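> One structure is given below, represented as structure tokens, and several questions about it will come after.
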Amino acid sequence: MSARRRAGAGLAAAAAAAVLLLTAACGGKTSAGAGSGSSKSEDKGPLVVASWGSTTTESMRKYLAEPFTKETGIEIKIVDAPGKYAAGVQSQSRAGKIQWDILDAASAPDAYALHAQGLLEPLPADLKQKLSKILVDGAVKDFGYSYSALGYIVGCQEQRVASCPDAQQYFDAKAYPGRRQMIATSPMVNLSLAELANGVAPKDLGTHEINMDRAFAKLKELKPDVKVWWQSSDQSQQTIRNGEVDLGILYSGRIYLLKEQGTPVKPVWKGGLYNPGYMAVVKGSQHKDAAFRFLQWIAEHPEAQAGWASGTRNSVPNPKSFDTMTPQLRESLADWPANREVLANINYDWYVKNLDEVNRRWQEFLRG
């Protein structure tokens, strides 16, 4: 099987995909025709895209937004909102003033929760079917498609850590000493990692119902060794770079970017978590048709996706994208088969059902 097909198979394991609404001006043409012209009545935006900042925003602008605007005339405005997608959309909805049109790769726990709360636009069935044929098998969800799939994995500063643990060993601070960091904004990630450390088999985690008492107890054991609960991906890199921590649970892409920037950091994929982000349109967007058109454009441009992946080191849903990547880039992505097969899935359905209790107990844990 080719590298592209193997990579595509990996993507299908936990991904999601979306569809776009073609405007009336597209007249039922193919995507190439749809993107090449517009009528005077067509919505020109600007589309407001909430993004993660730093390399994610830079890559969105360079590889996706600017080419799309050049081709269609639809303006894209990008605002940085790292870790604030759910709270931002909820706040805008309560105020009756939707300010964002698109979420740029909303982390799966947030995307599932926002969908359950009715805060994401549903995808038209016909276009959902259309894009299902373009993206990897099984990638389509009702609320968007996976983009920026990553691993929550261990990264160790090699000059300060003698032996780098995998994500399950990470909870054994006696055997693997060092100042640690973990993500503050995703309780489900921490609870899932804790359950793996408690002995839940990685293959079962995707359907496992978290035992919150046990998981929080495991996190409490490790808490004295966690010196930083990071709020943004930039912060997670900076704490490794400046020596504030020795090892941590980071986004896989950020570890590889640290390496490229000269920090001697080692990625350990084993025992980590697979987490897709989702491109989605916010419910109540005033530019819904144009927003879906942008999502379709992204899905149908594998070279643009490959460029975006080179800037972020996060994975993309069009399997043809892997054909244009260097081996070094492919092998740094969460969907590369050797990486994907050692990452566990997260039970997002359980999270949605237990959202309020999980978030309440998580805030109590951080304060305690």
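> When A175 is evaluated against the numbered criteria (1) under 21 Å from P109 (Cα atoms); (2) modelled with pLDDT of 95 or more, which criterion, by number, is the only one it fails?
(1)
> Report yes if some residue within the range 188-196 is of a type in the set (G, A, S), open to solvent by less than 10 Å² (accessible area, probe 1.4 Å) and either part of a helix (DSSP H, G or I) or in contact with a helix residue (DSSP H, G or I) (Cβ under 6 Å, 6 or more places away or on another chain) (or both); otherwise report no.
yes
> Would you check if G243 is open to solvent by less than 10 Å² (accessible area, probe 1.4 Å) and farther than 21 Å from K141 by Cβ?
No, not satisfied.
> Follow-up question, since we're still on this one. List every residue pair whose Cβ atoms lie under 7 Å apart, where the two residues are 6 or more positions apart in sequence or sit on different chains, the first residue falls within the range 179-191 and is closer than 12 Å to G83 by Cβ and among the aliphatic types (A, V, I, L, M), and the second residue, located anywhere, is modelled with pLDDT of 95 or more and open to solvent by 10 Å² or more (accessible area, probe 1.4 Å).
Close Cβ pairs (under 7 Å, with a partner that is modelled with pLDDT of 95 or more and open to solvent by 10 Å² or more (accessible area, probe 1.4 Å)) amount to A184/W229; A184/L366.
> If you don't mind, there's one more thing I want to ask. Just give me the residues in the range 58-80 being within 24 Å of S310 (Cβ to Cβ) and surrounded by fewer than 20 Cβ atoms within 10 Å (Cβ to Cβ), in sequence order.
Answer for the range 58-80, where residues must be within 24 Å of S310 (Cβ to Cβ) and surrounded by fewer than 20 Cβ atoms within 10 Å (Cβ to Cβ): E58, R61, K62, E66, P67, T69, K70, E71, K77, V79, D80.
> Give the residue that is farthest from Q261 (Cα to Cα), with candidates limited to residues of the range 304-337 that are touching a Leu at 6+ places or on another chain (Cβ under 8 Å), open to solvent by 10 Å² or more (accessible area, probe 1.4 Å) and of a type in the set (S, T, N, Q).
N314
> What residue, among those in the range 99-137 that are under 22 Å from A309 (Cβ atoms) and more than 17 Å from the chain's Cα centre (by Cα), is surrounded by the most Cβ atoms within 10 Å (Cβ to Cβ)?
Once the filter is applied, the top-ranked residue is L131.
> If only one of A13, A32, A24, A17 is closer than 20 Å to P276 by Cβ, open to solvent by 50 Å² or more (accessible area, probe 1.4 Å) and either of a type outside the set (A, V, I, L, M) or at pLDDT below 95 (or both), which one is it?
From the options A13, A32, A24, A17, the qualifying one is A13.
Condition check ((1) of a type in the set (A, V, I, L, M); (2) open to solvent by less than 30 Å² (accessible area, probe 1.4 Å); (3) within 17 Å of V136 (Cβ to Cβ)) across all residues:
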site: G271; (1), (2), (3): no, yes, no
site: A280; (1), (2), (3): yes, yes, no
site: A299; (1), (2), (3): yes, yes, yes
site: P302; (1), (2), (3): no, yes, yes
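> Hey, does the range 64-76 have a residue that's modelled with pLDDT of 50 or more and over 23 Å from L127 (Cα atoms)?
yes
> Continuing with this model, one more query. Cβ-Cβ under 7 Å, sequence separation 6+ or interchain: first residue in the range 274-285 and under 11 Å from A106 (Cα atoms), partner among the polar types (S, T, N, Q). Which pairs?
The qualifying pairs are N275/S107; P276/S146; G277/S107; G277/S146; G277/S148; Y278/S146.
The values are calculated or read from the model by the stated rules, or taken from the named source; none is laboratory data. Keep in mind that this is a model prediction, so the values were computed, not measured. Here Cβ is always computed from backbone atoms with ideal geometry, including for glycine, and neighbour counts include all displayed protein chains. We work out accessible area using only protein heavy atoms, side chains counted, and drop any ligands, DNA or RNA first. Shrake-Rupley method; radii C 1.70, N 1.55, O 1.52, S 1.80 Å.
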